[in-house]
Amino acid sequence: MSPEKKLKWVFLILAGVISYGTLGYTLIEGWSFLESFYMTIITLSTVGFREVRALSATGRVFTITLVIFGVAGAAFTISVLGQFIVEGEIRRILGRRKMEKRLKDMKKHYIVCGYGRVGMQVCKEFCSREIPLVVIEKNPERVEQLVKEGILVIQGDATDDEVLLAAGIQRSKALISTIASESENVFIALSARELNPEIFITARAESKSAEKKLLRAGADRVVSPHEMGGIRMALVTLRPDIVDFMRIVTGDREKGFGIEEIEVKEKSSIADTLLKDSPIRCELGLLVIGIKKKGKEMIINPSAQIRIEPGDILVVIGETEKLEKLGQMTSARV
Ligand code: AMP
């Protein structure tokens, strides 16, 4: 039986026993509702001060049945309730310990501040890609929701350094501040940059002026959900097929297709080869749509003659499986 069902039954039994007692005394002894209810409760609780009034013989027989069935029912109810409280408490303590341990072991993870409309989408995307993440959220109801979904969460204010440290900011790879308040996002970007100079920070902005402030505060990228939403809506209307294509490529992993940015590590098997001689196109069937060389602008649609060098970031489209293979090739050391 599920815990909710068990609890429902327990309350039904208790309500049934109390109604049985109260109704019985009212009908048999002709007592008032309060007197009958009082007598039922002191009998069930086994306090048994004294009878409200002298009981008739029928009343006594009725009290015996109430004691036999009622006290057993009440004892069962109390034991189930106790079990719920203790088990819940133990589960909470164990859950917290497990979470603390998971947090301590985390490295190169992603921190998401806020689990609202934007934060939820970010988490959904990360979870579908199995990216390690920790959420900082101050609303207890949302925290509970995250716990149920099995997502690591810290309840607290993301503008607080202690909370950022608890989320392992010094060992993390990136932070995404999805909170609606621009001033809080500026504060979070400042603190995060100070606590981890290497971290990649993406912040949410609602206006152009906030965008500048966020970049000044240390954010690497600023995204305005309203602006992005508007652009997307316009594109969906003007170029629906392109938007469908982009959705498949950027987000529909179930279709087995994706877009990745892959860094070419030093001494990887494809470093220092021409794009046309690398196995990217002919062996893996992947399409390189951009190459970013260190400190330079992205080269869109690079020529087949371009040389792939260590440190280059390749933007590649293709089957997810093949993209993973390319990821291994670019990081493999010989
Ligand atoms: P929304 O406005 O729907 O994008 O939701 C923003 C979410 O961020 C809500 O769930 C808030 O509880 C949460 N939030 C707002 N400020 C903070 C903060 N300083 N630290 C952590 N969570 C926050």
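The values are calculated or read from the model by the stated rules, or taken from the named source; none is laboratory data. Remember, predicted model here, so these are calculated numbers, not experimental data. Here the Cβ positions follow ideal geometry from the backbone for every residue, glycine too, while neighbour counts run over all protein chains shown. Accessible surface is based on the protein model in full, side chains and every heavy atom, while ligands, DNA and RNA are left aside. Shrake-Rupley method; radii C 1.70, N 1.55, O 1.52, S 1.80 Å.
Tabulated results
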{"item": "Surface accessible to a 1.4 Å probe, per residue, for the residues of the chain, Å²", "result": "62"}
{"item": "Net charge, Pro279 excluded, C-beta distance under 13 Å - Lys, Arg +1, Asp, Glu -1", "result": "+2"}
{"item": "Probe 1.4 Å - accessible area at Met329, Å² to nearest ten", "result": "50"}
{"item": "Difference of contour (0.36 nm per residue) and Cα-Cα distance, Gln305 to Lys292", "result": "3.2 nm"}
{"item": "Shape box of the chain [Cα atoms, principal axes, largest first, Å]", "result": "107, 46, 44"}
{"item": "Inter-label distance, nm, simple model (7 Å from Cα along the C-beta direction), Tyr38/Lys101", "result": "5.5"}
{"item": "Cα centroid of the stretch 214-231 to Cα centroid of the stretch 17-68, whole Å", "result": "70"}
{"item": "Column: log10 I(q)/I(0), Debye, Cα scatterers of the stretch 188-262, q = 0.14, 0.17, 0.25 Å⁻¹", "result": "-0.65, -0.83, -1.01"}
{"item": "Anisotropy class of the stretch 109-191 from Cα gyration tensor, a/c 1.5 cut", "result": "rounded"}
{"item": "Rg over Rh, two decimals, the stretch 3-87 (C-alpha only, Kirkwood Rh)", "result": "1.03"}
{"item": "Rounded accessible area of Met298 (nearest 10 Å², 1.4 Å probe)", "result": "80"}
{"item": "Of Lys265/Lys322; Lys107/Lys267; Lys5/Lys138; Lys108/Lys292; Lys173/Lys296; Lys208/Lys296, those spanning more than 27 Å from alpha-carbon to alpha-carbon", "result": "Lys5/Lys138"}
{"item": "Label zone at Val147 (point 7 Å along Cα-to-Cβ), backbone N below 17 Å, the stretch 59-84", "result": "84"}
{"item": "Rounded to the nearest 10 Å², the accessible area of Arg193 at probe 1.4 Å", "result": "50"}
{"item": "Spacing of the two label points (7 Å from each Cα toward its C-beta) at Thr46 and Leu23, in nm", "result": "2.7"}
{"item": "Extension gain from Glu198 to Arg221, taking 0.36 nm per residue of separation minus the Cα-Cα distance", "result": "6.9 nm"}
{"item": "Degrees between helix 225-238 axis and first principal axis of the chain (Cα, 0 to 90, nearest 10)", "result": "70"}
{"item": "Acute angle (nearest 10 degrees) that the helix 182-195 long axis makes with the longest principal axis of the chain, alpha-carbon atoms", "result": "70"}
{"item": "Helix 33-44 axis, angle to the chain major axis (alpha carbon atoms, nearest 10°)", "result": "80"}
{"item": "Selected from Lys148, Lys173, Lys104 as most flexible by GNM, with the chain as the system and alpha-carbon contacts under 10 Å", "result": "Lys148"}
{"item": "Within the stretch 88-183, GluC sites (Glu not before Pro) in DSSP loop having at most 16 other beta-carbon neighbours inside 10 Å", "result": "Glu130, Glu149"}
{"item": "Spin-label model distance (nm) - Ile93 vs Ser183, 7 Å beyond Cα toward Cβ", "result": "4.2"}
